[in-house]
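Taking it in order: structure first as C-alpha cells, then the write-up.
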Amino acid sequence: MAAMAKIIQKWCQRICLLIILVLSPGISRTSKIICDHRFILVFVNRTRNMEKMAAQCEDQNILFSPIIIPNVEVRVADWKNLTVSQQGDEVISHLKLFMNITQQVKTQACMSQQLKQLTRTIRAVQGLVTKTLRQANNDTDLAQEAPFVPSDVLSTISSDIKDIFHRFIKLLQGKVTFLLNSLCDVNSR
C-alpha cells in the first residue's frame, strides 16, 4: 500500500509540473505539449490508478442513488463534421458534467478520496482544453459561434461508481484526444 502511495505521489508531482508548464502565461510550448500523445496517457494512467485504489476501498462500489453519466462515444464521421470550436464546446460540456458528478456523489471516506482526486484531474484537463482553445482562437481567429449543444445528449444511468472512472477514461482517449489533435493541426498551420 505504501509503495502504491509513493507511485501515485510521483505521478501527481509530474502532472503538477506539467500543468504548471501548460497553464503558465507566456509559455509557447503549449502546442508542442498538446501534440504529444503521451500527455493524455498521463491523465489516463492516473485515472486508472484512482480506479484501482477505489476498487481496494472497503466501501461499497454501489451508489445509494443512481447517477447519470454522459455518453462520451465518438462517431468519427460526425466528429469530423464539427468545427474545432464545436468540438471544444462538446468536450467542455462533458468535463463540466463529470465535474458535477464527482462533486455531488456522496460516498464513504476511501471512495470519496478517489473522487476528489478525479475532480482535480478533471479540472486539470478542463484547464488545458480551455487554454488551448483560447490560444487557438487568438492565433487563428476562429469564429465565435452560437452556443453549441452536444451531438450526443444520450446518457446512461448507473449505480456503479466504477462507471465514472471508465467513462472519463473513454472521454480522454476519444473526444479529448481528437480535440487536441485538431488543435495541434490548427496550431501547426
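So the values come out like this:
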item	result
Test: residue in segment 86-94 that is at pLDDT below 90 and crowded, with 17+ Cβ neighbours inside 10 Å	no
Condition check for ILE101: within 30 Å of ASN138 (Cβ to Cβ), assigned to a helix (DSSP H, G or I), hydrophobic (A, V, I, L, M, F, W, C) and at pLDDT 75 or above	no
Selection from segment 54-84 of residues that are open to solvent by less than 30 Å² (accessible area, probe 1.4 Å) and either at positive phi or in a helix (DSSP H, G or I) (or both)	ALA54, TRP79, VAL84
Qualifying residue in segment 51-68 (condition: at pLDDT below 90, aliphatic (A, V, I, L, M) and within 30 Å of ALA136 (Cβ to Cβ))	no
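The values are calculated or read from the model by the stated rules, or taken from the named source; none is laboratory data. These numbers come from a predicted model, not from an experiment. In this analysis, Cβ positions are derived from the backbone assuming ideal geometry, glycine residues included, and neighbour counts consider all displayed protein chains. Ligands, DNA and RNA are stripped out before the accessible areas are found, and what is left, the full protein with its side chains, is counted by its heavy atoms. Shrake-Rupley method; radii C 1.70, N 1.55, O 1.52, S 1.80 Å.
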